[in-house]
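The values are calculated or read from the model by the stated rules, or taken from the named source; none is laboratory data. Only a predicted model underlies this, so the values are computations on that prediction, with no experimental measurement involved. Heads up, the Cβs are rebuilt from the backbone with ideal geometry, glycines too, and the neighbour counts pull from every protein chain shown.
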Amino acid sequence: MKQKPCYILGIESSCDETAASILNHNKVLSNCITNQEIHQQYGGVVPELASRAHQINIIPVVKHALDEAKINIKQIDAIACTQGPGLLGSLLVGNSFAKSLSMGLKIPLITVNHMHAHLLVHFIDDKNIKLPSFPFIGVNVSGGHTQIIIVKDYFDLEIIGKTLDDAIGEAFDKCGKTIGLTYPCGPIIDNLSKHGNPKKFKFPIPNVDGINLSYSGMKTSFVNFIKKEKDNDSKFISKNLNDICSSIQFSLIKNITNKIELAVEKTKIKSVALGGGVSGNSYLRGFLFEKEKKEKWKVFVPPMNYTTDNAAMIGLVGYLKYKKNYFSNLNHVVKSKMEF
Ligand code: KG4
Ligand code: ZN
């Protein structure tokens, strides 16, 4: 018998992407994103400008998602939106829109933790996505977070390690800015690294106890190194760009891969799933594929369109919550920080 449709509208507005997606159960029918290019000229996201751009983008992006999915708004069964963590002004735009729509259509509203969604993206029904089984080690590597998590079930997650200061993506962006790259710098560093020598320059990896980690010292040591070299030779960056990128990428990624290895050793769980923007990094992916080949790890990396911020992942968690009747009352508030 044909399954009755269950249409979920996912909305993501936690940072600088305004995104909307329509899912039917856990299958993605449309996944639309409006990137805010305005931030590039400032070398990072400017919160005030992000909120304003969300206000401009939110209605067109939702309309686009509905059109692409060929779904009428009245067919939607529930709305899921990112409650946090993120920029308050940005979150408010998506949440206020979602609340109003849910009241107008008289359908449930579901709030979603953005980092939860990055990890559960692996449960989207898609031929390019390999389905993990529980428990697995989830590794969230994004612009605002670096977390190592035991994922015991959809709604049973335990953080066993996290950054004590800056996030890995933030470190990529800051190092990139220091050498004149445009935001977001992670993908550019990744590309330039392919033509460089990762061992040319050495950057110390901090020694943090257990599975926790730190990135702020690495950022500072990189900034100081570049300043010193530029004082000796004003053309140092242009002469060595690929090697600089490759060397800093090597160290930033080694910092997290050391901790992933430790987490696997301590928990004896050899299934590892990546989530978040930095999960697109080719060196990090290469490390995990090597582990899969040589040490029989089971490795789960999202397709590139599901690594960075998107609304399909929000819709997916929305769908999982919908099945359990985990609805929000309309008084919920957005959160800049949020635990699982
Ligand atoms: O998950 P995401 O889109 O947003 C947050 O939730 O923060 O992650 C964005 C971050 C940025 O810092 C960006 O530079 C980084 O992901 N990023 C990468 C790569 N692609 C995106 N970092 C390293 N290598 C990449 N290929
Ligand atoms: Zn994200």
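Is there a residue being surrounded by 16 or more Cβ atoms within 10 Å (Cβ to Cβ), within 8 Å of ligand 1 (Cβ to nearest atom) and within 14 Å of residue 281 (Cα to Cα) anywhere in the stretch 175-185?
Yes: one or more hits.
Can you name every one of the strands (runs of 3 or more DSSP E) wholly within the stretch 97-195 that holds 2 or more residues which are over 16 Å from residue 273 (Cα atoms)?
Values: elements: 109-113, 136-141, 146-153, 156-162.
Here the list reads 109-113.
Condition check: touching a strand residue (DSSP E or B) at 6+ places or on another chain (Cβ under 9 Å) and among the basic types (Lys, Arg). Does residue 230 satisfy that?
no
Count, please, the residues in the stretch 275-302 that happen to be out of contact with any helix residue (DSSP H, G or I) (no Cβ under 7 Å at 6 or more places or on another chain) and within 16 Å of ligand 2 (Cβ to nearest atom).
Count: 1.
Against the definition (part of a strand (DSSP E or B), within 30 Å of residue 126 (Cα to Cα) and more than 16 Å from ligand 1 (Cβ to nearest atom)), how does residue 264 come out, yes or no? Talk me through it step by step, then tell me what you get.
Details: part of a strand (DSSP E or B): no; within 30 Å of residue 126 (Cα to Cα): yes; more than 16 Å from ligand 1 (Cβ to nearest atom): yes.
So residue 264 does not fit the description; no.
For the structure I just gave you, tell me whether residue 48 is surrounded by fewer than 16 Cβ atoms within 10 Å (Cβ to Cβ) and either in contact with a strand residue (DSSP E or B) (Cβ under 7 Å, 6 or more places away or on another chain) or not in a helix (DSSP H, G or I) (or both).
Details: surrounded by fewer than 16 Cβ atoms within 10 Å (Cβ to Cβ): yes; either in contact with a strand residue (DSSP E or B) (Cβ under 7 Å, 6 or more places away or on another chain) or not in a helix (DSSP H, G or I) (or both): no.
No; evaluated as a whole, the condition is false for this residue.
Which of the residues spanning the stretch 226-244 are without any contact (Cβ under 8 Å) to a residue 60 or more places away in the chain and within 16 Å of ligand 1 (Cβ to nearest atom)? Steps first, answer last, please.
Step one: filter the stretch 226-244 for residues without any contact (Cβ under 8 Å) to a residue 60 or more places away in the chain, giving 226-240, 242-243.
Within the stretch 226-244, 242 is the sole residue that qualifies.
Quick one: residue 305 ticks every box in (1) more than 16 Å from ligand 2 (Cβ to nearest atom); (2) part of a helix (DSSP H, G or I); (3) closer than 30 Å to residue 35 by Cβ except a single one, so which number is it?
Unmet condition: (1).
Being within 13 Å of residue 311 (Cβ to Cβ), among the small types (Gly, Ala, Ser) and away from ligand 2 (no atom under 16 Å from the Cβ) is the filter here; which residues of the stretch 89-123 pass it?
If the condition is that a residue be within 13 Å of residue 311 (Cβ to Cβ), among the small types (Gly, Ala, Ser) and away from ligand 2 (no atom under 16 Å from the Cβ), then 98 is the only one that fits.
Do we have any residue at all in the stretch 262-273 that's under 21 Å from residue 143 (Cβ atoms), of a type in the set (A, V, I, L, M, F, W, C), surrounded by 20 or more Cβ atoms within 10 Å (Cβ to Cβ) and within 16 Å of ligand 2 (Cβ to nearest atom)?
Yes - at least one qualifying residue is present in the stretch 262-273.
Quick one: residue 4 ticks every box in (1) charged (D, E, K, R); (2) more than 16 Å from ligand 1 (Cβ to nearest atom); (3) over 26 Å from residue 327 (Cβ atoms) bar one, so which box is it?
In the conditions (1) charged (D, E, K, R); (2) more than 16 Å from ligand 1 (Cβ to nearest atom); (3) over 26 Å from residue 327 (Cβ atoms), residue 4 misses (3) alone.
Restricting attention to the stretch 271-278, does a residue exist that is part of a helix (DSSP H, G or I) and within 23 Å of the chain's Cα centre (by Cα)? Please lay out each step first, then the result.
Going through the stretch 271-278, the residues part of a helix (DSSP H, G or I) turn out to be 277-278.
From what's left, within 23 Å of the chain's Cα centre (by Cα): 277-278.
Yes, there is a match, as at least one residue in the stretch 271-278 is part of a helix (DSSP H, G or I) and within 23 Å of the chain's Cα centre (by Cα).
Is one or more of the residues making up the stretch 21-35 within 21 Å of residue 171 (Cα to Cα), crowded, with 17+ Cβ neighbours inside 10 Å, assigned by TED's automatic domain parsing to the domain that holds residue 97 and within 14 Å of ligand 2 (Cβ to nearest atom)?
Within the stretch 21-35 (the criterion being within 21 Å of residue 171 (Cα to Cα), crowded, with 17+ Cβ neighbours inside 10 Å, assigned by TED's automatic domain parsing to the domain that holds residue 97 and within 14 Å of ligand 2 (Cβ to nearest atom)), the answer is no, since none of the residues qualifies.
Could you list, ordered by first residue, the pairs with Cβ atoms under 9 Å in which the first is in the stretch 80-99 and outside the structural domain of residue 110 (by TED's automatic domain parsing) and at pLDDT below 95 and the second is within 15 Å of ligand 1 (Cβ to nearest atom) and not aliphatic (A, V, I, L, M), at least 6 apart or interchain?
none
State which residue is farthest from residue 80 (Cα to Cα) when the search covers only the stretch 125-145 and only residues that are among the β-branched types (Val, Ile, Thr) and away from ligand 1 (no atom under 16 Å from the Cβ). Can you show your working first?
Going residue by residue through the stretch 125-145, those that are among the β-branched types (Val, Ile, Thr) are 129, 137, 139, 141.
Next, only the ones that are away from ligand 1 (no atom under 16 Å from the Cβ) stay: 129, 137.
Values: 129: 22, 137: 25 Å.
Checked the stretch 125-145; the qualifying residue farthest from residue 80 (Cα to Cα) is 137.
Does any residue of the stretch 25-39 turn out to be within 22 Å of residue 108 (Cα to Cα), within 15 Å of ligand 1 (Cβ to nearest atom) and at pLDDT 95 or above?
Checking the stretch 25-39: at least one residue is within 22 Å of residue 108 (Cα to Cα), within 15 Å of ligand 1 (Cβ to nearest atom) and at pLDDT 95 or above.
Matching residues to (1) of a type in the set (Phe, Trp, Tyr); (2) surrounded by fewer than 16 Cβ atoms within 10 Å (Cβ to Cβ):
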site	(1), (2)
253	no, no
277	no, no
280	no, no
295	no, yes
310	no, no
326	yes, yes
334	no, no
340	yes, yes
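Checking the condition of a type in the set (Phe, Trp, Tyr) and under 30 Å from residue 77 (Cα atoms), which residue from 289, 225, 250, 340 passes?
Numbers: 289 fails: under 30 Å from residue 77 (Cα atoms); 225 fails: under 30 Å from residue 77 (Cα atoms); 250 fails: under 30 Å from residue 77 (Cα atoms).
Testing whether each residue is of a type in the set (Phe, Trp, Tyr) and under 30 Å from residue 77 (Cα atoms) leaves just 340.
Give the residue, chosen from 148, 159, that is hydrophobic (A, V, I, L, M, F, W, C) and either surrounded by fewer than 24 Cβ atoms within 10 Å (Cβ to Cβ) or in contact with a Ser or Thr (Cβ under 6 Å, 6 or more places away or on another chain) (or both). Can you show your working first?
Details: 148 fails: either surrounded by fewer than 24 Cβ atoms within 10 Å (Cβ to Cβ) or in contact with a Ser or Thr (Cβ under 6 Å, 6 or more places away or on another chain) (or both).
Just a single option satisfies the conditions, and that option is 159.
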